[in-house]
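> I have a structure here, written as structure tokens, and I will follow up with some questions on it.
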Amino acid sequence: MTKRIAPRARFPASWAGGVIALISITSLVMGGVSTNDPSGGAFAAPSRATQALSLLGQDPYAISGGELNLEVSISPSLSEPTDNVVVTAQSSVTNRAAFTRVVNGTNTGSVLDQVEIALTALPSPGGSARAISLTLGAAGALALPALSAPGVYPLTIALEQADGQVRESFTTFAVVVEGGLFASPVNNEPRLAVAWVWPLVAGPAELPNGSADPAVSAAALPTGRLGRQVSALSRHLDIPITISPGPETVTARNTSPLRSGLLAVAARAQVLAGPYVPVDIPSLIENLLSGIADNELATGNTALSEYFSSPPDIRTALANPVSPGALTLLRARGTTRVAISNLALVNGSRSIPTAPFSLKITPPAGVNETTISAVASDDGIANLLTGANPVLSGQRVLAALALNAYASEGAAQGTVLVNPLDLDIPEETFSTILNGLRNHPLLKPVTLESFFSEVPAVQTSTGALETRELTTYSPPAPPVKASALNATANRVLALQTFIGSDAREVRTANQWLLRAPSATFIEAAGQARARRSLKDAQARVTAALAQIEIPNPGTITLTSENGSIPLTFRNNLDQTVRVRISLASEKLSFPTGSTQELELPPANTTVRIPVQARTPGTFVLRLNVASSDGLLIIAVQEFKVRSTAVSAIGIILMIGAVVVLAAWWILDARARRKKRREKTAVPA
């Protein structure tokens, strides 16, 4: 049995607040939790507990005078055949504050229409599913005639017992459009441009022991949080979107479960470059680690260029968190436009929906511009993604976007929707939104690049481009000491100079260096892992230098005053290197200099160093081997040198000593003979 019922006292305006609330998003009004936070906020996987009533599907919009189709799940174990389904339509919401109150269940507005349907009268497509078809803006048995004007209307679906007690309910939204909008926008008004940006990123994928991080591996599986996103995107390749894949996330161990789907998505989407691992760039800059931040961006771009068939777009970047210094660094690397959180702006709640504007920067070397183009994401809508009911969450996102479309009043504006970094929700939410964006009369999905080119920038009353102001951001300290990061970075850079940037040893050491400041390394456990990453980077440098071997020849013997000392080097690297050797000894001099540069090709190289012994005997020769720039000490070794040579001066001195000794002996002998003779000649 179906009957239309007039608004009743037992359905007050705030009725939905007294029943089970499926979503609680207290900060939706023009924003949400601060997204000027590299972690993107921590979101737990939604609860999928058994419910008496839940939404399985809904038309993303309905034409005035046409039908709105819904599909709900009604648990047989939590309902009775005598139950009724009551559909209550409230007055349309016209601003984000009213929308938020509905979502939070605090106020659904005045009741416009109600329809009560016997549970047994609802068609069942199968299982616990029940279909509801309602006519909007026209009379009928299953109709809500009050929903005739275009707008976004709260629609509460309740499972009610025969005595009128509500078992369970939820509130969705009916988006009503004029009939002409289905074919083309009325009065040629543009649709709202929707740029949906998908960060596909996780923390460092490799543990210090060299094994894969199980959490990251799980996220990359088809059932994992990243795998579900890629799966949803690969099923909707016709919808323009923008992805921002984490370079380390997608390239570590090639993440095979993700690869095929991600490559298919990237071939159709706009692909943004980004840092090698998720980092807080403002924090690095504030702690005098701009070189590390620049290395993160450069290495990330290289990794994605090698992974995909074409390089990522470096002109467009996600800047979250953001600071003037971060914008300057991005501009120096070729970025000309950024997407930031609306909460990172002073008065960030205004201009939602949005259009491009400008942010001030300090022009880096070689750049004349003092501003950079920017758009603000609508983080309030992004927060809707994490509701308990996946389909309802997606439907509410579509309704919020439609509300933005109506709020734009025909102006060429849009909405930028950026997923939280660690978003972990069912694939149904993504599919609900992606399906809803297809051929929507109010919404036009675009890439971020198209958003900047199609949506006119905001201008002041004088016609100048509007410049917005960033809020003050106080970044946290890096997870490891800045001095340790800098010291390790200098060693890795010196190794790069020594053996080349393409050397496997350099790339591996650089990867460990760049993992250390990951914004996912928080609290004591994360900081310990960050320190271990730095140690691994240093160990890689040490291991690379150990490939230059200096066999100990034992004791070296010199048989003449001028000779040479043979030194044998073994280069186990795959490329020729240049080293600087320094020699020191108290008893040796070096005619060609005590410091020399040598070129060592792979395998063994023997060189002979001319020396001059100052004196015979056994003494120590100290050898110091370093990179040609002197920044890396490769080895310090001591040899024993035995000199049996006697110099010309020594010979002269010896001969002189013999002559003197002989002369003394002769004179002494003569003196003794003379004394004996004199004794003999004395008379008796």
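> Out of the trypsin sites (Lys or Arg not before Pro) in the range 361-468, which ones are loop residues according to DSSP with at most 11 other C-beta atoms within 10 Å?
none
> For a protection proxy built on the mean count of beta-carbon atoms within 10 angstrom, sort 312-325, 290-303 highest first, please.
Per-residue Cβ counts within 10 Å, averaged per peptide and sorted highest first, yield 312-325, 290-303.
> Got a sec to turn the phi values of the range 86-95 into Karplus ³J(HN,Hα) couplings, 6.51 cos²θ - 1.76 cosθ + 1.60 with θ = phi - 60°, whole Hz, x for Gly and Pro?
For the range 86-95, the Karplus-derived couplings read 10, 9, 10, 9, 9, 4, 5, 8, 10, 8 Hz, x marking Gly and Pro.
> With only alpha-carbon atoms in the gyration tensor, what are the semi-axes of the equivalent ellipsoid for the range 294-440, in Å, largest first?
30, 20, 13
> Same structure, new question: So how do Glu638, Glu466 line up by other beta-carbon neighbours within 10 Å, fewest first?
Ranked by crowding around the Cβ, least crowded first: Glu638, Glu466.
> Same structure again: What's the FRET efficiency of Asn490 with Ser589 using the Cβ-Cβ distance as r and R₀ = 25 Å, to the nearest 0.05?
E between Asn490 and Ser589, to the nearest 0.05, is 0.10.
> To continue, here is another question. Pull up all non-local amide H partners of Asp313: gap of 5 or more, or a different chain, and H-to-H distance under 5 Å with H placed in the peptide plane.
For Asp313, the qualifying residues are Val271, Leu272, Ala273.
> With the radius of gyration and the Kirkwood radius both derived from the Cα set of the chain, what is their ratio Rg to Rh?
Ratio of gyration radius to Kirkwood radius for the chain: 1.31.
> Taking a ≥ b ≥ c as the square roots of the Cα gyration tensor eigenvalues, with a/c under 1.5 meaning rounded and otherwise prolate when a/b beats b/c, else oblate, which class fits the range 241-360?
oblate
> Can you give the FRET efficiency to the nearest 0.05 for Ala539 and Glu466, using r as the Cβ-Cβ distance and R₀ = 56 Å?
0.65
> Does the range 188-468 come out rounded, prolate or oblate, given a ≥ b ≥ c as the square roots of the eigenvalues of its C-alpha gyration tensor, rounded meaning a/c under 1.5 and, failing that, prolate meaning a/b above b/c?
Oblate, since a/c reaches 1.5 and b/c is not below a/b.
> Any idea which of Val279, Gln575, Ala669 is furthest toward the positive side of the dipole for the chain, if Lys and Arg beta-carbons carry +1 and Asp and Glu beta-carbons -1?
Ala669
> Can you compute the charge dipole magnitude of the range 188-468 about its Cα centre, using +1 on each Lys and Arg Cβ and -1 on each Asp and Glu Cβ, nothing else charged? Give it in debye, rounded to the nearest 20.
420 debye
> Could you work out the helix-only [θ] at 222 nm for the chain, with each DSSP H run of four or more residues adding -39,500 (n - 2.57) and the total divided by the number of residues, to the nearest 500 deg cm²/dmol?
Mean residue ellipticity, 222 nm, calculated: -9500 deg cm²/dmol.
> Sticking with this structure for a sec: Ranked highest first by average number of other Cβ atoms within 10 Å, how do 225-231, 120-126, 625-631 line up?
225-231, 625-631, 120-126
> Just report the Cα centroid separation between the range 331-373 and the range 565-581, whole Å.
If you average the Cα positions of each part, the centres end up 51 Å apart.
> How would the range 432-587 be classified by its alpha-carbon gyration tensor: rounded, prolate or oblate, with rounded meaning a/c under 1.5 and the a/b versus b/c comparison settling the rest?
Taking the square roots of the gyration eigenvalues as a ≥ b ≥ c, the range 432-587 is prolate.
> Now for a separate question. Among Leu600, Leu437, Leu55, which residue has its Cα furthest toward the positive end of the charge dipole of the chain, with +1 on Lys/Arg Cβ and -1 on Asp/Glu Cβ?
The residue sitting farthest along the positive end of the dipole is Leu600.
Any read-out appearing in this document is the output of simple, stated calculations on the displayed coordinates, not a laboratory observation. Computed from a prediction, not measured in an experiment: that's the story for all the values here. As a convention, Cβ positions derive from the backbone with ideal geometry for all residues, glycine included, and neighbour counts pool all protein chains shown.
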